[in-house]
Every structure is written in C-alpha cells, then in structure tokens.
Amino acid sequence: MTAPSSGKPVALLVHGAWHGAWCWELLVPELTALGWQVETVDLPSASADPSNTAGMYDDARAVRRGLDAVGGPVTVLAHSYAGLPVTEAAAGAEVTRLVYLAAFQLDVGDSLAGIAGGGIPSGDTGTLPAHEDPRTHLYADVLDEIATRAADRLVLQTVKSFSEPLTTAAWKTVPSSYVVCEQDRAIDPGFQKVMATRSERSYTLPTGHSPFYSAPGELARLITADADL
C-alpha cells in the first residue's frame, strides 16, 4: 500500500456511538510506532446536545470529508455503529481496505433500528444516552482508571443515526476485513461472526467491545498485518 505525500500507510479511525475521536488515544501511538499516519473523524451524531438531529447520513458525509482530505489510499477502521456511516461513505473513495471492528457490516436498506426489531427507538428527533452501565457493557476488560475516564466522556447519540438506512454498501466493492471481539457484551459475538462472512478476511480478538483500550498493541499489530505492510 502506498500512501500520499508522507510515504506512510494511512489509517482513518472512525469511532462508534456515544464516543468521539478521543477513544483512539491508546491506539494512535501504537499505530504511529508501527509506521502509520493516523487520521480520525468526529461523528456529528454523537454530542452533548440533547437537541442534536444529525443522522447517519451526516456521519457518512463527515467520513467522506475525512477520506477526501487524506488525498490518497487509506485503510478505514470502523468501530461498532461506525460500520454504517463507513459503509455508506467509502464506495468510490480511494480506500484500500475497510476494517470492521466489532462493527455493523450491514446491507443496503438496513438500519440499526430496523435490525433491532423494535429494540431501538426510531425517528428523526431525540437522543439516547449510553448504556446505563458502560463500565461492564463497553469496557469490561479495560483497566479501571481508563474505563472510568472513558465512561465519563460518553455523550448522547441521536435516534436519527440509528434510523436512517444504508443506500449503498461499500464492502461489496472495497476489500474488507472483520475483527470479532469474542468477549463482547455490547454486540453479540455470534452476530459479529455472521456479519464477518461478508468480509474477505476475518479475525478474532479475545477482548470485550473496546480493544483499542484493552489491547491497543495487539489491535495495531492486527491492522498492520492485515494491510500486508
């Protein structure tokens, strides 16, 4: 993989619901040490504003702006919810590989609310808080100090972002890989394995939902090996 002007491979990291680009704080230095140039995106659907109405399509536009700003081939890492806006945005962009990290690798017409069968509210307005117990739900295997700091920074997520369906599926034209988190308490690992069949390659990590906090070095090495650097 050739990168733009830096001569380094480029990774664009896209966070999941309720988070921000801050969640990559341990993964970025690991990737940088392995020779990557790392870029991140903040998704507009995640904010502290209870009146926020940014949706999945707004997130996809933010991802596309991030891709276009790189100006060359890029590996995109999507965590959890970010699988949707990345799947929506990456088709036709200069993307070398999509990496779905415990992420929703869905098809055209799918939305999170739709596949949840009524388990998630739908609509154009309203926001949702993170899980009532993020310490065990999202960060079960993360060191206490790190997990507490991350949980304290979680924000609201718009209902609209869970309601808007995919209009395209980039993984049908862009090479993709899937990383199953075997101890995940947020997205059932069995469902992750089903989604992983849509990718050309799949891997497993013996972690919870957030390996960028519990195993950042292992995750960075997996991304690097998968990119054939």
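The table below lists the values:
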{"item": "Accessible-area composition of the chain, carbon plus sulfur, in percent [1.4 Å probe]", "result": "50"}
{"item": "Formal net charge of residues neighbouring His131 (Cβ-Cβ distance under 13 Å; K, R +1; D, E -1)", "result": "-1"}
{"item": "Among Ser122, Val142, Gln105 - extreme Cα towards positive end, dipole of the stretch 103-203, charges at beta-carbon", "result": "Gln105"}
{"item": "Mean ellipticity per residue at 222 nm, deg cm²/dmol - from DSSP H runs of n ≥ 4 across the chain, formula -39500 (n - 2.57)", "result": "-8500 deg cm²/dmol"}
{"item": "Virtual spin-label span in nm between Arg135 and Asp107, 7 Å along Cα→Cβ", "result": "4.2"}
{"item": "Inter-site label distance for Leu229 and Glu94 at 7 Å from Cα along Cβ, in nm", "result": "1.8"}
{"item": "As computed over the stretch 7-122, the Cα convex hull volume per residue (Å³)", "result": "105"}
{"item": "Around Asp49: net Lys/Arg minus Asp/Glu count, Cβ-Cβ under 14 Å", "result": "-1"}
{"item": "Cβ charges +1 (Lys, Arg) and -1 (Asp, Glu), total dipole of the chain, debye", "result": "400"}
{"item": "Prolate/oblate/rounded call for the stretch 138-229, Cα gyration tensor, a/c under 1.5 rounded", "result": "oblate"}
{"item": "Unit charges on C-beta of K, R, D, E only; dipole of the stretch 1-130, Debye", "result": "260"}
{"item": "Rounded to 5, percent antiparallel among DSSP beta bridges of the chain", "result": "15"}
{"item": "Top of His79, His19, His137 by mean-square fluctuation, Gaussian network on the chain, Cα under 10 Å", "result": "His137"}
{"item": "Accessible area per residue, Å², the stretch 25-75 with all protein chains present, probe 1.4 Å", "result": "44"}
{"item": "Cα point-scatterer Debye curve for the stretch 73-163, base-10 log of I(q)/I(0) at q = 0.11, 0.17, 0.24 Å⁻¹", "result": "-0.40, -0.89, -1.21"}
{"item": "Lysines whose Cα lies under 18 Å from that of Lys193, excluding same-chain neighbours fewer than 8 positions away", "result": "Lys172"}
{"item": "Max mean-square fluctuation residue, GNM over the chain, Cα-Cα springs under 10 Å, options Gly208, Gly126, Gly55", "result": "Gly126"}
{"item": "Point-charge dipole on Cβ atoms (K/R +1, D/E -1) for the stretch 106-207, about Cα centre, debye to 20", "result": "280"}
{"item": "Kirkwood Rh, Cα atoms: Rg over Rh of the stretch 152-199", "result": "1.04"}
{"item": "The chain: projected area of the alpha-carbon convex hull, averaged over directions, in nm²", "result": "10.9"}
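The values are calculated or read from the model by the stated rules, or taken from the named source; none is laboratory data. Bear in mind that the values here come from a model prediction, so they are computed numbers and not experimental data. Cβ sites come from the backbone with ideal geometry, for glycine too, and all protein chains shown count toward neighbours. With ligands, DNA and RNA removed, areas are computed over all heavy atoms of the protein, side chains included. Shrake-Rupley method; radii C 1.70, N 1.55, O 1.52, S 1.80 Å.
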